[in-house]
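J.: Would you mind keeping the following structure in view while I ask a few things?
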Amino acid sequence: MNAPAEGLWTDGRQVERDSIVVIEVMTDELERAWWADFRRALERQLSQAEIVIRVSQVDRL
């Protein structure tokens, strides 16, 4: 887990703050449907409008 960061945005009247945490998962196989379901479940559980899950291919050297 990378160090927590802080997200800042304005709602038109005041600056809002939110904690951001980046977690890295490495796996040999990607099950897209499982990750999509997991993301939606996290959004509900954490009351978030959007959680980003991204995929990057890595070649072992």
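J.: Scanning the chain for GluC sites (Glu not before Pro) in DSSP loops with at most 12 other Cβ atoms within 10 Å, what's the longest stretch left with none?
T.: Here the longest run is 1-23.
J.: Find the relative contact order for the chain and round it to a whole percent, using C-alpha pairs within less than 8 Å whose residues are 6+ positions apart.
T.: 22 percent
J.: How big is the dipole moment of the chain about its Cα centre under a simple scheme where the beta carbon of each Lys and Arg is +1, that of each Asp and Glu is -1, and everything else is neutral? Debye, nearest 20, please.
T.: Computed about the Cα centre, the dipole is about 120 debye.
J.: Nearest 10 degrees is fine. How inclined is helix 32-45 to the longest principal axis of the chain, computing both from alpha carbons?
T.: Once rounded, one gets 30 degrees.
J.: With only alpha-carbon atoms counted, please give the Rg and Dmax of the chain, in Å.
T.: 15.0, 51
J.: Same structure, new question: Tell me, in nm to one decimal, what length is gained between residue 39 and residue 14 on full extension, where the rule is 0.36 nm per residue of separation less the Cα-Cα distance?
T.: Fully extending the segment from residue 39 to residue 14 adds 6.1 nm.
Here, each number is a calculation from the coordinates, and none is a lab measurement. Computed from a predicted model, the values in this text were never measured in an experiment. Because the Cβ atoms are built from the backbone with ideal geometry, glycine has one as well, and the counts that use them run over all protein chains shown.
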